[in-house]
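The values are calculated or read from the model by the stated rules, or taken from the named source; none is laboratory data. Model, not experiment: these values are computed from the prediction. Cβ coordinates were reconstructed from backbone atoms using ideal geometry, including for glycine residues, and neighbour counts include every protein chain displayed. When the accessible area is computed, the model is the full protein with side chains, heavy atoms only, and any ligands, DNA or RNA have been set aside. Shrake-Rupley method; radii C 1.70, N 1.55, O 1.52, S 1.80 Å.
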Amino acid sequence: MKRILVGYDGSEPAIHALGQACRLANTFHSAVTVLTAAADRLVREDGVRTMALDEALGRRIAEEGAVKAREAGVEAVDARTSLEAPDDALVNTAREGYDLVVVGHRGHTILEELFLGSTAKSVVDRLECSVLVVR
């Protein structure tokens, strides 16, 4: 496992996913890419969730995740931002040659899952590489 992609939006599930990605990266000496989809609901520094196509905010959040990964001991860390929907951003980036995608699980109701879908489910269904969904 040489390359790990982790979806990160600053939320609690994303923080858990990043932590797991870092533990794996340290074990396998893997590179980690922290990806923020700026077309998602993002968590600003003040903790408020916002919905926007905000590339600057997305870059700040991705870099925040990259800093956390470096603090966790990961040596090779990259921060990226995409203006795509979160599932599309993860899938398209993962197809660049990642061995593992790590995403946080969101507790959607069955009704929401049927109508809105789930980023994690969409990523799992569309990728051929391994996907780890962290609770």
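Only residues that are over 15 Å from Lys121 (Cβ atoms), acidic (Asp, Glu) and either in contact (Cβ under 8 Å) with a residue 40 or more places away in the chain or buried (at least 16 other Cβ atoms within 10 Å of the Cβ) (or both) were counted across the range 85-99, and they come to 1. Reported count of residues in the range 66-113, each being modelled with pLDDT of 95 or more and assigned to a loop (DSSP other than H, G, I, E, B), is 10. Pairing residues of the range 1-18 that are modelled with pLDDT under 95 with residues that are assigned to a loop (DSSP other than H, G, I, E, B) and open to solvent by less than 10 Å² (accessible area, probe 1.4 Å), at Cβ distances under 7 Å and at least 6 apart in sequence or on separate chains, gives Met1/Ser30; Ala14/Tyr8.
Of all residues in the range 58-79, which are in contact with a Ser or Thr (Cβ under 6 Å, 6 or more places away or on another chain), surrounded by 15 or more Cβ atoms within 10 Å (Cβ to Cβ) and farther than 16 Å from His16 by Cβ?
If we filter the range 58-79 for residues that are in contact with a Ser or Thr (Cβ under 6 Å, 6 or more places away or on another chain), which is where we start, we get 58-59, 61-62, 78.
Now restrict to residues that are surrounded by 15 or more Cβ atoms within 10 Å (Cβ to Cβ): 58-59, 61-62.
Gly58, Arg59, Ala62 - these are the residues of the range 58-79 that are in contact with a Ser or Thr (Cβ under 6 Å, 6 or more places away or on another chain), surrounded by 15 or more Cβ atoms within 10 Å (Cβ to Cβ) and farther than 16 Å from His16 by Cβ.
Look at Glu45 and say whether it is on the phi < 0 side of the Ramachandran plot, modelled with pLDDT of 95 or more and open to solvent by 10 Å² or more (accessible area, probe 1.4 Å). Judged against the criteria, Glu45 is not a match.
Test Glu55 against the stated conditions and say whether it is open to solvent by 80 Å² or more (accessible area, probe 1.4 Å), in contact with a strand residue (DSSP E or B) (Cβ under 7 Å, 6 or more places away or on another chain) and modelled with pLDDT under 90. Show your work before the answer.
On the way: open to solvent by 80 Å² or more (accessible area, probe 1.4 Å): yes; in contact with a strand residue (DSSP E or B) (Cβ under 7 Å, 6 or more places away or on another chain): yes; modelled with pLDDT under 90: yes.
When the stated conditions are applied, Glu55 passes them.
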